[in-house]
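Below is one structure, written out as structure tokens; the observations come after it.
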Amino acid sequence: QVQLVESGGGLVQAGGSLRLSCAASGPIYIFSNMGWYRQGPGKQRELVATISSGGSTNYADSVKGRFAISRDNAKKVYLQMNSLKPEDTAVYYCNAGLNVPGKYWGRGTQVTVSS
């Protein structure tokens with residue numbers, strides 16, 4: 001059974017930093033692509049960043065230069081978030097699968113940025 005478990009969310013002031021982690025369990029071949037998506041209040045879920053098994057990354061324009069996605073093995077992915085803004089407030093979801101977006105989702109972790 002595939003499971004994605006996020007951690008690291010919380011409350012931070014504008015300009016601060018947070019690091020999200022996602023631990024995955026299940027067959028390794030499933031995690032070709034991993035990434036982070038977010039859904040803010042009253043908004044649709046949107047891509048934040050993705051990373052392939054080969055290390056290729058992709059970022060939303062709104063987070064380029066501030067966020068960095070990384071993975072240290074086939075089943076753990078991180079999102080380093082710097083210079084956070086109030087508009088980054090959202091529930092952040094870990095995603096994994098053979099495609100982008102992948103089939104599997106975590107339950108989400110809340111990030112709140114106060115002004």
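The values are calculated or read from the model by the stated rules, or taken from the named source; none is laboratory data. None of these values were measured; they are calculated from a predicted model. Cβ coordinates were reconstructed from backbone atoms using ideal geometry, including for glycine residues, and neighbour counts include every protein chain displayed. Each accessible area value is taken on the protein alone, full model and side chains, heavy atoms only, with ligands, DNA and RNA left out. Shrake-Rupley method; radii C 1.70, N 1.55, O 1.52, S 1.80 Å.
The table below lists the values:
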read-out	value
For Lys75: the one exception among (1) under 11 Å from the mean Cα position of the chain (by Cα); (2) under 15 Å from Gln3 (Cα atoms); (3) among the basic types (Lys, Arg)	(1)
Single residue of region 5-55 satisfying the filter (over 14 Å from Arg71 (Cα atoms), of a type outside the set (Gly, Ala, Ser) and at pLDDT below 95) that is most open to solvent (accessible area, probe 1.4 Å)	Tyr29
Long-range neighbours under 9 Å by Cβ, at least six apart or interchain, first residue closer than 16 Å to Arg19 by Cβ and open to solvent by 30 Å² or more (accessible area, probe 1.4 Å) within region 74-91, second assigned to a strand (DSSP E or B) and small (Gly, Ala, Ser)	Lys76/Ser21; Lys76/Ala23; Lys76/Ala24; Gln80/Ala68; Gln80/Ser70; Asn82/Ala68
Residue check, Tyr59 open to solvent by 60 Å² or more (accessible area, probe 1.4 Å) and over 10 Å from the mean Cα position of the chain (by Cα)	no
Residues (assigned to a loop (DSSP other than H, G, I, E, B), polar (S, T, N, Q) and more than 20 Å from Ser21 (Cβ to Cβ)) located in region 49-71	Ser56
Residue, nearest to Gly97 (Cα to Cα), within region 72-85, restricted to residues that are part of a strand (DSSP E or B) and at pLDDT 95 or above	Val77
